[in-house]
Amino acid sequence: MLVNAHTHLDQCWAAPFRPKTPIPFHNWLLRQTRRDQKILETESGEAKVIAGIQTGIEQLLAAGTTHVGDVTRTGLSIEPIINSRLSGVVYIDILGLEPSVGDFLLNRAIQLIDQYRPQINHNLQIGLSLNALYNTSFKTVEKIVAFCEKEAVPLCVHAAESLAENEALEQGTGHLADLPGRLGSDLRPDVSEKSAVATLNDLGVLSLNPLLIHMNHASKDDLDIVKQTGSVIVHCPRASAVLKNGPALLRRMLMKEIPVTLGTESLAVVETLDVRDEAAFAKELHAGMVFAGAIDEMLTGA
C-alpha cells in the first residue's frame, strides 16, 4: 500500500505555472485563485482541467499509489478516480465567506455525493473538505460539521498552514485577512481570537476526527488538542517549502504519538505526485530530528 494523502488533481492543469522559486503563500494563493476562476470561464477550460486530472492520475498510478486523498473544488476528479480504481477519499471542497455561497457549495457537494456514491464498488469514499477557516464563514463550518456527523461522511481541512492564517483568525489582520479584498470582495474572515486549531475545536470540527492538512504552525497547545481529539495530520513538506510556509514540527507531532501521513499537494506547486519524493524530501528536511524509518512508515498511511 502506498498512500498519497493530499492532492488537488483539478489543479494539475496549472503545472506550467508552478513556481520556479519559493513564493509567499498568500501571493501564490491569489494568483492560483484567479487562474482557477478564469480557466472554467473559457470554452475549453473544463476539458483542460479534466486532461490535467488524467495526467495526475497517471502519475499517481505510475508511482505505485494505491490510496489517495484528493480535494476537488470542481468535482471533476470524482469520476476519473472512480474509474482508475484508486482507493481512498475524494473530498469535495467547500468555502465561502458569504454564508449563502457556503450553502450553495454544500448543497452542490451533497448532490455530488448522492450522484456518485452508487457508482463506487471498491474501497473509495466521497467526503467533504472544509477548505480553511480564513475563507469560510463559521456558519458554513457548523453546517458542514452537522452534515458530516449525520451522514458519517469523512472530512478534511487545511489547518495552520501559514502564520498568516492564525493572524487572520486571532486578530483579523494580515495577508490572508486582506486576501478577499485583493480578489474584489468587501468581506473578511470571521475572527475567533484563537488559533486555527483551537477554533476548529470550538466549532466541533475536531470531534469528527478530520484529516488535518499541513499544520505547519501548530503550537504545543494546538498539538495537545489534536492528540486529545484523535485527528490525523498530513505533512506536505515540499509544498510548504515552495510556498514559504515553514516546516511542520514533525518531531513534536511524533513524540506526542499523533498519526502523521504524507501528501504531495498539486502539480501547481510541486514537480511530481510521487509521495516517495515527498518522503525523500522530508528525510532531508528533518534529518537528525526524526528517525528516517518513521517517515517511511508514513508512506503506508497513519
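Numerical summary
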| quantity | calculated |
| --- | --- |
| Residues satisfying the stated conditions in the stretch 110-124, i.e. surrounded by 14 or more Cβ atoms within 10 Å (Cβ to Cβ) and out of contact with any Phe, Trp or Tyr (no Cβ under 9 Å at 6 or more places or on another chain) | L112, I113, Y116, I120, L124 |
| Residues satisfying the stated conditions in the stretch 167-186, i.e. part of a loop (DSSP other than H, G, I, E, B) and modelled with pLDDT under 95 | L183, G184, S185, D186 |
| Criterion: part of a loop (DSSP other than H, G, I, E, B) and touching a residue at least 24 places away in the same chain (Cβ under 8 Å) - qualifying residue of S240, S266 | S266 |
| Candidate set: the stretch 204-215, residues that are in a loop (DSSP other than H, G, I, E, B) and surrounded by fewer than 24 Cβ atoms within 10 Å (Cβ to Cβ); chosen: the one nearest to the chain's Cα centre (by Cα) | N209 |
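Every residue, every condition in (1) of a type outside the set (A, V, I, L, M, F, W, C); (2) part of a strand (DSSP E or B); (3) in contact (Cβ under 8 Å) with a residue 12 or more places away in the chain; (4) farther than 19 Å from L200 by Cβ, yes or no:
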{"residue": "G88", "(1), (2), (3), (4)": "yes, yes, yes, yes"}
{"residue": "D93", "(1), (2), (3), (4)": "yes, yes, yes, no"}
{"residue": "S100", "(1), (2), (3), (4)": "yes, no, no, yes"}
{"residue": "D103", "(1), (2), (3), (4)": "yes, no, yes, yes"}
{"residue": "N107", "(1), (2), (3), (4)": "yes, no, no, yes"}
{"residue": "Q111", "(1), (2), (3), (4)": "yes, no, no, yes"}
{"residue": "L128", "(1), (2), (3), (4)": "no, yes, yes, no"}
{"residue": "Y134", "(1), (2), (3), (4)": "yes, no, yes, no"}
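Okay, residues lined up against (1) over 19 Å from P210 (Cβ atoms); (2) in contact with a helix residue (DSSP H, G or I) (Cβ under 8 Å, 6 or more places away or on another chain); (3) among the hydrophobic types (A, V, I, L, M, F, W, C):
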| position | (1), (2), (3) |
| --- | --- |
| Q37 | yes, no, no |
| E46 | yes, no, no |
| I50 | yes, yes, yes |
| T66 | yes, no, no |
| Y91 | no, no, no |
| S100 | yes, no, no |
| Q125 | no, no, no |
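The values are calculated or read from the model by the stated rules, or taken from the named source; none is laboratory data. These numbers come from a predicted model, not from an experiment. Every residue, glycine as well, gets a Cβ built from its backbone with ideal geometry; the counts of neighbours run over all protein chains shown.
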